[in-house]
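Undergrad: Can you read through this structure? Questions will come right after.
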Amino acid sequence: MTGGAAGAGATMVEGTVIATHGPLVRVQAGDRTLVVAARRKLTWEGPPPEAPRLVVGDRVLVRMEGEDGVVEVVRERRTALLRKAPHGRRPQVLAANVDQALIVFAARIPTPRRGLLDRFLVACHHARIEPVIVMNKVDQGLDEVAGWLAVYDRLGYPVLLVSARTGRGLGQIRRRLVDRTTLFCGPSGAGKSSLLNAVYPGFRLKVGSLSESTGKGRHTTTTAELMPLPYGGFVVDTPGLKEFGLWNLGRAELEEAFPEIAELAPDCRFPDCSHSHEPDCAVRAAVEAGRIDPGRYASYLGLLEETG
Ligand SMILES: Nc1nc2c(ncn2[C@@H]2O[C@H](COP(=O)(O)OP(=O)(O)O)[C@@H](O)[C@H]2O)c(=O)[nH]1
Ligand SMILES: [Mg+2]
Ligand SMILES: [Zn+2]
C-alpha cells in the first residue's frame, strides 16, 4: 500500500474473533487469521450489550491498512453465554453467537449427573442456545442412563448416542457442526476432547490429563478459544459446567426452561405458585401422579433456590 491521504488504501474485512489476548484479538476472516488491535471506542451495532468487551465469537469489522488492522465495529450478538463472575456483580460473557451447545456426558464413568444436565439446559434456554444432549461412551453400556434418556427424548431434546472409542454416532455430530458455532460442555472426563479429536483430528487436543480431571490444576483459564473447522463453523471446548450461566435467573425464566412445569403452571391455584409447597399446585400433583419425572422436579427445586 502506498501512502496518501489518511484512510486511502484501507479495506474493511469482516471476521470472527477466535481468541483475545489483552488488547490484541485474533480474527478469522475466511482462510486468513489476523492478529489485530481493538479500537478503544468500539462501535456496537444494535442495542448496547450487557458486557461491552470483545469476546470469542464476536463478528467484527476490521479496518486493514497493509498488514495492520484495527477492529472498529462489532455486529449485534445473536446470543451471549453469560456466567456469574466468582466475586463480581457484573456478568461475564464467555462467548458470543454460539448457535448450539453439545452437552456431553458419559454413559457410565464418570457417573452422569441429572442436576448438571438440567442446570445446563436452563443456561442454554436463558442464552437462547440450542442444546443437544450427547451421551458418549455408549460402549460402556446404557443400563444406567436409558431411563432418563427417555425422559429428555419425550421432552423434545435431541439426544445423540455416541462413542469416541468405537466411532458410533460421530457422523451425526460432524453434520451438526458444519457452518455453526458449537460449544462443547459437560463434566471433565466425559470425553469432550476425545470427541473433538475424533470428528476433526487436526485439533490434537490433550485427552484425559489428570490435572484436567481433578479440576483445580492447570486448567484455570476462563477465556474460551474458538477453533475453526475445515468444513466451516467453529467449536469451542470449555472448562467445567459449574462455571456457567444462571446469571440473573428469575423465577419465571426458570419455569419457562422446564416445559413440563410451564405447561401445568396455569392450573395452579396461585398465579405466582413456586410449585414447591403451595396448596392446590398442579405441578406437585403431576409429580405425585408420576406424570412429571421426579429427577426433573428435584432439579427444578434445586435451581429455584438460586433464583433472585
Ligand atoms: N470407553 C470410552 N472411553 C472414552 C470415550 N471417549 C473418551 N474416553 C476416555 O475418557 C477419558 C476422558 O476423555 P477426555 O476426552 O479427556 O474428556 P474431557 O475431560 O471431557 O475432555 C479418556 O481416558 C478417554 O480415553 C468413549 O467413547 N468410550
Ligand atoms: Mg478436555
Ligand atoms: Zn404450582
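Values in this text are rule-based calculations from the coordinates and carry no lab data. The structure presented is a predicted model; accordingly, all values stated were derived computationally and were not measured. Cβ placement follows ideal geometry from the backbone for every residue including glycine, while neighbour counts extend to all protein chains displayed.
Undergrad: Quick check on the chain: helices-only [θ] at 222 nm, where DSSP H runs of length 4 and up contribute -39,500 (n - 2.57) each and the sum goes over total residues. Nearest 500, please.
TA: -6500 deg cm²/dmol
Undergrad: For the chain, what is the per residue volume of the convex hull drawn over the alpha-carbon atoms, in cubic angstrom?
TA: Roughly 144 Å³ of hull volume per residue.
Undergrad: At a 10 Å Cβ-Cβ cut-off, how would you order 33, 16, fewest neighbours first?
TA: 33, 16
Undergrad: Roughly how many whole Å is it from the C-alpha centroid of region 257-282 to that of region 287-301?
TA: 12 Å
Undergrad: Using the number of other C-beta atoms within 10 angstrom as an exposure proxy, rank 300, 157 with the fewest first.
TA: By the 10 Å Cβ count, ascending, the order reads 157, 300.
Undergrad: Could I ask something else about it? From largest to smallest, what semi-axes in whole angstrom does region 251-304 give when each is the square root of 5 times an eigenvalue of its alpha carbon gyration tensor?
TA: 14, 13, 10
Undergrad: Nothing charged except the Cβ atoms of Lys and Arg (+1) and of Asp and Glu (-1): what's the magnitude of the dipole of region 11-74 about its Cα centre? Round to the nearest 20 debye.
TA: Rounded to the nearest 20 debye, it is 200 debye.
Undergrad: While we're looking at this one, here's another question. Scanning the chain for helices, which whole DSSP H stretches are 18 Å or more long along the axis (Cα) and average 0.5 or more by Kyte-Doolittle?
TA: none
Undergrad: Another question about this same structure. Would you please put 185-197, 273-285 in order of how densely packed they are, using the mean number of other Cβ atoms within 10 angstrom per residue and starting with the highest?
TA: Per-residue Cβ counts within 10 Å, averaged per peptide and sorted highest first, yield 185-197, 273-285.
Undergrad: So for the chain: antiparallel DSSP bridges make up what percent, rounded to the nearest 5?
TA: Within the chain, antiparallel bridges account for around 55 percent of the total.
Undergrad: Explain nothing, just the number: relative contact order of the chain, from Cα pairs under 8 Å at least 6 residues apart, as a whole percent.
TA: 15 percent
Undergrad: Over all distinct alpha-carbon pairs, what is the Kirkwood Rh of region 99-138 in angstrom?
TA: Computed over region 99-138, the radius equals 10.4 Å.
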